[in-house]
Each structure stands twice: as C-alpha cells, then as structure tokens.
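The numbers here are math on the coordinates, done by the rules we state, and not lab data. None of these values were measured; they are calculated from a predicted model. Using ideal geometry, Cβ is built from the backbone for each residue, glycine included, and neighbour counts are taken over all protein chains shown.
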Amino acid sequence: MKKNEKMNELHRQALALPRQPGVYIMKDAQNNIIYIGKAKALKNRVSQYFGSDAGQSEKVRRMVSKVERFEYIVTDNEFEALVLECSLIKQYSPKYNILLKDDKGYRYIKISPPPFPKISVALQKREDGSRYLGPYISGYVVKEAVDEANRIFQLPVCNRVLGAGRKERPCLNFYINRCFAPCSGRVSEEEYNERVDQAIEFLTRGSAEVLSSLTRQMNEVAENLEFEKAARLRDRINAIKKLGEKQKVVRSKVKNQDVIALARSGKGIFFEIFRFKKGALYDREDFFVDGDQSLPAVRAEFIRRYYSMRDNVPPRIAIDGEIEDKQITERWLSEKAGRKVRIVNPQKGEQAQLVQMCRSNAAERAAQHDGIAGRDAAALDELARLLGLKKPPQVIESYDVSNTSGSDTVAGMVVFENARPLKSAYRRFKIKTVVGQDDYAAMQEAVARRLDEYQARKGEDSGFGRLPDLILVDGGRGHVSAVRSVLKAKGHDIPVFGMVKDSRHKTRAISSEGGEIAISGRRSAFSLVSSIQEEVHRFTVEYHRRRRAKGSIGSSLTKIEGVGEKRAAALLKHFGSIKAVRAASVDELAAVRGMTRPAAEAVRRYFETDE
C-alpha cells in the first residue's frame with residue numbers, strides 16, 4: 001500500500017473511533033508497539049495523527065510514518081486512561097514515548113589498600129583488598145561527599161602511584177591548595193594516613209563531630225607549641241566551616257519536595273531534578289529526552305515517566321512552567337504516594353530562585369551537549385521561552401537601517417551563532433530602490449535581497465547559504481510587519497520580532513505584531529537582545545558614516561572640470577584616499593582606467609591651486 005493510501009486508510013479508521021476516553025496503541029509493520037498515548041476523546045486525538053501533518057513536530061511525523069495499524073482501549077474516564085497509559089508504557093517501553101533509564105544503582109565509597117590509600121567512588125564492591133563504605137542509594141551524595149573530603153584534607157585524586165622512594169614534581173592541585181603533594185616524597189606515610197583517617201571520620205561521622213575532634217587536637221598541639229601542625233588543623237577546620245556555608249545556599253523552607261526544570265538544546269531537552277528532604281538537597285538527577293513537542297506536554301509526560309520509576313513521591317513538586325493535564329497528573333501522583341501531592345509553578349521568592357537554579361543546571365547540561373557556554377545556552381533557552389519558540393535559536397539575524405534625511409540609505413545585517421557574534425557572516429546593503437526616508441521599505445529591500453541570495457547559495461554552511469532560526473529587527477511593530485510580508489511572499493516561515501528602545505536608546509522590550517513583550521525581568525535574554533541591538537546599530541551606522549565620508553570626498557573630485565562620478569570613483573579606488581590623489585603626478589593620474597591626459601592635468605591644476 002502506498003504511503004498516501006495508507007494514511008488515508010488510517011485516517012478513515014480513526015474517524016470511526018468513539019468519542020470516549022481511552023488509550024491508543026500504535027504498531028509498526030513488524031507488529032511492534034512504537035507509541036502509546038491517552039486521549040480524552042479517542043476519535044479526535046487519533047485522527048489528528050493521520051490528517052494534515054501541518055503543525056506536527058518532527059518526532060511525531062517520524063512516528064506516524066512508521067505506523068501500520070493501531071489498537072485502542074476505551075476507559076470510563078480520562079484518569080483511568082492515564083493510569084492505563086502509564087502501566088502499558090512501563091510494560092512495553094515503546095520507542096517514541098519518553099523513556100528514562102533508571103540508573104539508580106547503589107554507590108560505595110572506596111578506600112584503596114595501603115600504602116598511601118586513596119578515597120574514591122565505586123559502583124560495586126570488588127575483592128581487591130580495598131575497604132568499602134556503603135552502600136548508598138544517592139550517587140550524587142556519595143560523589144559530593146568524596147569530593148569534599150578529598151578537598152578539605154587535600155588528598156590526591158590523580159592516578160600517580162605513591163610510595164616510598166618515589167619523587168615527582170607536584171601538579172597544579174598542589175599550587176592551588178587542593179593537594180598536599182605526597183608524590184613529592186616530602187610527606188611521611190604516618191602524616192598521610194592521619195589525613196586519610198580524618199577524611200574517613202568526616203565521611204562516616206559527619207562534619208560536626210569532626211569539627212569538635214579537630215578543634216580539640218588543634219588546642220592540644222598549640223599548647224605543646226607545635227604551631228605549624230596547629231595551623232594545618234586550623235585550615236581543615238575552616239574548610240569544613242566553609243563547606244557548611246556552601247550547603248546552606250541550596251536549602252529549602254519547604255521540607256520535602258522535588259524541583260524539576262528543563263532546558264532545550266539543539267537536539268532535545270535536558271531535565272534536572274533537585275530532591276529535598278528535611279529542607280536539604282539530598283539528591284539530584286539529570287535526563288536527556290528526544291522531544292520537540294510543546295513544553296507543557298513534555299513536562300507532563302516526563303513527570304509521569306520519572307515517578308513511574310520512583311517509589312518515593314514527595315508531597316510537593318515545583319516545576320518551571322505550565323504542565324498539561326495537571327489535575328489528573330496530581331491525582332495519579334497522589335494515589336501512588338498514598339497522600340495528596342501538589343504540582344506548583346512558583347513565581348517569586350525562595351522557591352522561584354530554587355527553580356531558576358535548577359533550570360540553570362539543566363542549561364549547563366544542554367550547553368555541554370551542544371558545545372557552547374552554559375551562560376549562552378541559558379540566555380538562548382530563556383529567549384526561546386519568552387518568544388514561544390519551539391527550541392532555542394542557534395542562528396539569529398538582526399537588521400537595522402540608517403540614512404541622512406532620506407539620502408545615502410543603507411542597511412546592516414549581523415549574525416549571532418550560539419549567542420556569539422559571527423562576524424564572517426555580517427553583510428551590508430546599499431539601498432537601491434527606495435527614494436526618500438522609508439525605513440520599512442529599506443528593510444524590506446535588504447531582507448528580500450538576502451533571501452534571493454539564499455536561493456542562489458542554498459546548502460552552504462555559512463553566510464547567505466543558510467536561513468536563521470530567528471530574525472530580530474531594530475524597530476517596532478511596523479518593522480516586524482514589513483519584514484514578515486517579505487518572508488511570506490518568498491515562502492519562508494521564520495519568527496520575526498522587533499527590538500524596542502527607550503528614550504535613552506537602550507533596549508526596553510521586544511515587539512511583535514500583537515504588541516510588546518516585556519524583557520527587562522529576564523536577565524539572560526535581556527543581556528543577549530541588548531548586545532544584538534547594540535551590535536547591529538553600531539555595524540549599520542558605521543557603514544553609513546563610511547559611505548557619507550566617501551560620498552563627500554567623491555563630490556569634491558566631481559567639482560574638477562572633466563571629472564564625473566565614474567572618474568572620481570575610479571581615482572578613489574585606485575589611490576585609496578584623497579590624500580594619495582593629491583600627491584599623484586599627471587602621469588600617474590592619467591594611467592588610471594577611464595582617465596584622459598587633459599582630465600589628469602585638470603586634477604593636478606586643481607590641487608596645486610588649492611595648495
């Protein structure tokens with residue numbers, strides 16, 4: 001059966017479904033289940049897949065192209081459909097549902113055998129002569145604890161072999177006070193073991209008891225006038241106190257809750273989860289999902305998949321945006337937990353700051369995945385959320401127009417890739433078709449010429465050979481409408497927004513055809529848009545000034561008898577400046593293409609008279 005015939009047949013079957021709640025099961029040609037979903041009305045939801053694919057995400061289009069048949073199960077209500085959906089997804093793990101790998105295995109703290117033992121994290125116990133502490137459920141807690149213990153007691157974390165008679169040059173960690181360099185051969189095994197014992201005590205008994213023990217030891221050695229040893233103990237005490245201050249930063253007044261936030265990368269979505277117990281952060285996880293559907297939908301699906309793998313559901317889940325099917329998701333979580341569970345989206349105060357911190361960590365993961373700076377990834381993600389884009393814009397083009405009372409009109413185009421200027425892709429336009437002062441028409445000409453160049457160079461990796469993910473114009477609603485009309489006429493669907501300035505020529509808001517979007521409260525996005533607006537204005541005005549200066553020089557040459565605009569331009573092109581033209585001899589002037597001997601003599605007389 002041909003593709004169109006198959007889609008028509010599936011659409012016909014979908015239209016025959018009942019308008020009742022239920023679960024639908026998509027299968028491929030090998031009868032494998034590739035997607036499971038729930039619906040409030042089966043007929044309405046399933047028929048959407050096999051009608052027009054306009055507005056469907058790339059992931060959905062890929063899934064639909066593989067569907068050969070579907071089945072369905074009718075339920076009494078939407079909540080029963082959700083429970084059945086979760087159960088079936090857990091059972092069959094369909095390819096196109098969000099599937100999360102549950103890697104919550106146990107972790108151990110490993111102390112390698114003497115001499116000179118090292119402390120590290122291990123996934124499992126081995127018969128290798130090492131001592132193991134644990135098991136612990138949270139890999140995050142174990143890693144953080146081991147890192148802090150090694151840092152406080154300045155223990156080595158490198159792969160160097162330590163032992164008697166070995167001497168090596170200390171690495172960078174020694175010079176930044178992260179390691180006391182036992183590899184140098186200047187540290188006794190006794191002194192090394194003392195530090196290891198204190199680190200193990202810190203890991204097993206906690207910082208409070210260790211602080212008390214270290215303080216007592218410091219006072220004793222100070223009384224014995226062992227001041228150097230007392231100073232070392234003092235430094236360890238201060239390091240533990242600083243650790244306590246650092247841990248207080250990530251605390252919550254809500255005693256037991258999870259905080260979930262996401263960040264979009266160019267290839268998918270990263271979720272970050274902070275888990276709090278008794279007000280302290282006790283675990284954190286991150287996941288990557290291949291999803292390009294709406295954020296409310298992907299949040300709902302992620303939460304259901306995540307808590308399907310977890311027995312411990314907190315009474316409160318703070319998220320970073322809207323969620324689809326919130327009420328029935330809360331009901332499903334409440335029944336799973338055996339008590340009421342709320343999903344909230346905090347807008348201010350400590351809780352909003354925790355969500356933002358969680359989102360920043362998700363953005364850092366996305367940045368590492370895409371190979372860009374975390375700060376830039378956060379700015380692009382925030383801008384995409386603000387403008388309602390499906391994903392962060394990797395390539396942004398920005399346009400501005402400059403003229404002098406309607407004359408010498410020019411336009412500039414700057415390009416930002418991954419939130420950084422890509423100067424090799426900047427372009428200038430001398431406006432040719434617009435008479436008088438008409439910024440809208442000038443911007444339309446520049447964008448139209450840019451799109452024509454795309455058609456000629458389509459497929460090139462940079463410059464005009466690729467289209468941007470977002471266009472920002474220096475101007476308001478009228479500029480946005482003008483550019484959108486050109487895009488529509490050329491058959492391109494690229495988001496366009498304007499950058500609005502205040503009375504001091506600073507970025508104030510983003511404009512669309514529907515009005516203005518406040519941006520000052522979104523720090524990362526605001527900084528990015530401000531830098532783009534400043535850069536496109538600088539680039540365009542600089543080009544305009546150069547053209548005016550060139551025009552004024554050219555006009556002085558056209559005053560000379562026998563020198564018109566073409567000869568003036570030829571002289572400037574050949575000599576590079578009016579100063580060089582002034583210094584040229586008659587023979588040099590006459591040698592310029594388009595010049596004659598009489599014209600060259602006239603130029604020479606003109607400047608001699610002027611002198």
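Listed values, structure above:
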item: Separation of alpha-carbon centers, segment 1-77 and segment 325-399, rounded to whole Å; result: 29 Å
item: 3J(HN,Hα) from dihedral phi, segment 426-433, Karplus parametrisation 6.51/-1.76/1.60, rounded to Hz, x for glycine, proline; result: 4, 9, 10, 10, 8, 5, 10, 9
item: Packing-based ranking, highest mean first, of 112-125, 81-94 given that Cβ atoms within 10 Å are counted; result: 81-94, 112-125
item: Span per principal axis, largest first, for the Cα atoms of segment 257-371 (Å); result: 43, 29, 26
item: Chain lengthening between GLN368 and ARG420 when straightened (0.36 nm per residue, less Cα-Cα); result: 17.1 nm
item: Rg/Rg_ref, the chain, where Rg_ref = 2.2 N^0.38 Å and atoms are Cα; result: 1.35
item: Cβ-Cβ FRET estimate between GLU190 and LEU100, R0 fixed at 45 Å, reported to 0.05; result: 0.40
item: Trypsin sites (Lys or Arg not before Pro) within segment 1-87, DSSP loop, no more than 13 other Cβ atoms inside 10 Å; result: LYS2, ARG19
item: Extension gain from LYS90 to LYS430, taking 0.36 nm per residue of separation minus the Cα-Cα distance; result: 116.3 nm
item: Segment 1-109: translational diffusion in µm²/s, Stokes-Einstein, Kirkwood Rh over Cα pairs, 37 °C, 0.692 mPa s; result: 221 µm²/s
item: Förster-model FRET efficiency, 56 Å R0, GLU201 and LYS566, C-beta, rounded to 0.05; result: 0.05
item: Alpha carbon convex hull of segment 76-125, volume per residue in cubic angstrom; result: 116 Å³
item: Cα-projected label distance for GLU516 with ARG69, points at 7 Å along beta-carbon direction, nm; result: 6.0 nm
item: Gained length - VAL344 relative to LYS488, 0.36 nm times residue gap less alpha-carbon distance; result: 47.8 nm
item: Residues ASN256 and ASN219, FRET efficiency given R0 of 51 Å [Cβ-Cβ distance, rounded to 0.05]; result: 0.80
